[in-house]
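The values are calculated or read from the model by the stated rules, or taken from the named source; none is laboratory data. Predicted model only: the values in this text are computed from it and were never measured. Ideal geometry is used to build each Cβ from the backbone, glycine not excepted, and the neighbour counts take in all protein chains shown.
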Amino acid sequence: MSVRVRLAPSPTGTLHIGTARTAVFNWLFARRMGGSFLIRIEDTDRERSKPEFTANILDGLQWLGLDWDDEPVVQSTRIEEHRQAIQTLLEHGLAYRCYTTEEELNALRDRQRAAGQAPRYDNRHRNLSPEQEAAFQAEGRTAVIRFRIDDGASITWTDMVRGAMRWSGADLGGDMVIARRAPADAIGDPLYNLVVVVDDAAMAITHVIRGEDHIANTAKQLLLYEALGLEAPQFAHTPLILNAEGRKLSKRDGVTSISDFRAMGYTAEALANYMTLLGWSVPEGMEERFSLADAASVFSFERVNKAGARFDWDKLNWLNAQVLHGWQAPQLLMALSPLWQAQGWTLPADQAWQEALAELLGPSLTLLNDGIEQARPFFIEPDLEADALSQLDQEGARPALAALNALLESAPWDGCDSERGQALLKEAVDQAGVKKGLLMKSLRAALLGRLQGPDLMTTWGLLARIGHDRQRLQRCL
Ligand code: GLU
């Protein structure tokens, strides 16, 4: 039987890192097993589901390189099948209409809380007689549909991450609502646990891989598989992602959506690599920097941890830098050029110049977006920062720059032949009678307005090639 897994995101928000990490594990397992990775858009919450969130989720998965098989299944198109399953459960006496009002449920919950008990439905309408039902209906009461969960039920499964699992029916909160409140002759909107089971079975899902926050749902869903006479898949519950304090990562921790990571300048490669490490440890001898394809060739749930995975920005940043430092100039430029254009900067038409700039900045990037500030002085004449100004005030600095300027005036440098650039520097140093280091530092101050920056000769060469070096020198004399 070939492996079929699925990601079942709800389009009620942008692609969250937790969902994306679940997607990574599903994808890795599918690819490792030569199976299929499917998507199901769980859009049954009609008020909160939005097409733009579906687009954001699919876009994010695609960007991360998590390609899926077949067209995504849209859950809301399958509502008749969900209703049919509920009908079957009703007919078999495995589900029933519960007429308890919201006020009655609240009162029950208050009593339980006051008595120090966990809130649970007391199954009071489980065995209504036809007369009792008729009386509730005559009162105009609406009903939810509940699935019977016997307190004595024992639910066991072997989790691919957590091993032997056991739940008692008594711990599942009483008979479970599987359809929202509706008039008594109708079936209201089917709810999560029911629809997931119906859909996973219809999609012939063999392995359900999802976050450990779904463990209690799995217990309930296993009861539904049995009641509907469906074969249950295997389950793997992956550890939660924790913040630095060890609590579940949430919106309050700042960035959690994949599109935000992307906007900050993280690469898809580094993010996918990092998400894989959030809960999975590499086999001995394998580096922590890998591609999804590398990981897919060795992935197994044996190496997925049970303990929560702490989100570590330093490690993500390190991986991102590793990825960027490995990129060749054309790839770097392809990523940087839209960022430069978004600043409103006009890029020189010379493609080779653009690539040379990308190549110059590449080694110092941690985030792609670092390439904005670092490139700025190549496009816009920078102001002179305080330390650049004090460098220019050093004894001999301005005379040395003046000597260089005079040499350039008589024989301009096109910025290409770096030996000639070196020779010009040497001549200026000799003429001004200063140390070479002084001129170099002062030249950097004049060109970039600051004392830090990439390789000086390449910097100067690039500015010379677009005719921007002279003006910057002259303003410092
Ligand atoms: N829509 C559910 C969620 O986003 C899916 C959970 C599952 O994989 O069954 O949490």
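Side notes on the structure shown:
- So Arg162, is it charged (D, E, K, R) and in contact with a Lys or Arg (Cβ under 9 Å, 6 or more places away or on another chain): yes
- Annotation note: Cβ proximity below 6 Å between a residue of the stretch 65-86 that is on the phi < 0 side of the Ramachandran plot and a residue that is part of a loop (DSSP other than H, G, I, E, B) and polar (S, T, N, Q) (sequence gap 6+ or interchain) occurs for Gln75/Thr44; Ser76/Thr44.
- For the stretch 1-44, a residue qualifies if it is touching a Gly at 6+ places or on another chain (Cβ under 8 Å), more than 13 Å from the ligand (Cβ to nearest atom) and of a type in the set (A, V, I, L, M), and exactly one does: Val3.
- Sole exception among (1) within 26 Å of Leu228 (Cβ to Cβ); (2) surrounded by 15 or more Cβ atoms within 10 Å (Cβ to Cβ); (3) more than 19 Å from the chain's Cα centre (by Cα) for Arg31, by number: (1)
- Number of residues in the stretch 114-153 that are more than 21 Å from His92 (Cβ to Cβ) and not in a loop (DSSP other than H, G, I, E, B) equals 7.
- Residue tally, condition within 16 Å of Met440 (Cα to Cα), part of a helix (DSSP H, G or I) and of a type in the set (Gly, Ala, Ser), over the stretch 360-405: 6
- Taken across the stretch 156-163, residues that are within 25 Å of Asp43 (Cα to Cα) and of a type in the set (A, V, I, L, M, F, W, C) do not occur at all.
- Annotation: Ala202 fulfils all but one of (1) crowded, with 20+ Cβ neighbours inside 10 Å; (2) more than 13 Å from the ligand (Cβ to nearest atom); the unmet one is (1).
- The residues of the stretch 31-66 that are assigned to a loop (DSSP other than H, G, I, E, B) and closer than 18 Å to Arg210 by Cα, listed by number, are Gly35, Glu42, Asp43, Leu66.
- All positions within the stretch 341-361 that are among the aliphatic types (A, V, I, L, M) and either touching a residue at least 40 places away in the same chain (Cβ under 8 Å) or in contact with a Cys (Cβ under 6 Å, 6 or more places away or on another chain) (or both): Ala356, Leu357, Leu360, Leu361
- Going through (1) crowded, with 19+ Cβ neighbours inside 10 Å; (2) touching a Leu at 6+ places or on another chain (Cβ under 6 Å) one by one, Leu368 falls short only on (2).
- The condition (being of a type outside the set (A, V, I, L, M), within 30 Å of Ala107 (Cα to Cα) and free of Cβ contacts under 8 Å to residues at least 12 places away in the same chain) is satisfied by just one residue among Gln117, Gln221, Gln137: Gln117.
- Among the residues listed as Glu226, Glu245, the single one being at pLDDT below 95 and more than 17 Å from the chain's Cα centre (by Cα): Glu245
- Selection status of Val255, among the β-branched types (Val, Ile, Thr) and more than 13 Å from the chain's Cα centre (by Cα): no
- In the condition set (1) touching a Phe, Trp or Tyr at 6+ places or on another chain (Cβ under 8 Å); (2) in contact (Cβ under 8 Å) with a residue 40 or more places away in the chain; (3) more than 16 Å from the ligand (Cβ to nearest atom); (4) under 26 Å from Thr238 (Cα atoms), Ile178 is compliant with all but (3).
- Close pairs (6 angstrom Cβ cut-off, 6 or more residues apart or separate chains): touching a residue at least 12 places away in the same chain (Cβ under 8 Å) and polar (S, T, N, Q) in the stretch 183-209, part of a helix (DSSP H, G or I) and near the ligand (Cβ under 9 Å from one of its atoms) anywhere: Asn193/Asn217; Asn193/Gln221
- When Phe290 is tested against (1) part of a loop (DSSP other than H, G, I, E, B); (2) of a type outside the set (Gly, Ala, Ser); (3) under 30 Å from Leu361 (Cβ atoms); (4) touching a residue at least 40 places away in the same chain (Cβ under 8 Å), just one condition goes unmet, and that condition is (4).
- Residues satisfying the stated conditions in the stretch 246-259, i.e. part of a loop (DSSP other than H, G, I, E, B), touching a helix residue (DSSP H, G or I) at 6+ places or on another chain (Cβ under 9 Å) and surrounded by fewer than 19 Cβ atoms within 10 Å (Cβ to Cβ): Arg247, Gly254, Val255
- Residue list for the stretch 425-452, filter: in contact with a Leu (Cβ under 8 Å, 6 or more places away or on another chain), buried (at least 19 other Cβ atoms within 10 Å of the Cβ) and not charged (D, E, K, R): Leu425, Ala428, Val429, Ala432, Leu439, Ser442, Leu443, Ala445, Ala446, Leu447, Gly449
- Count of the stretch 181-199 residues which are away from the ligand (no atom under 13 Å from the Cβ) and not basic (Lys, Arg): 9
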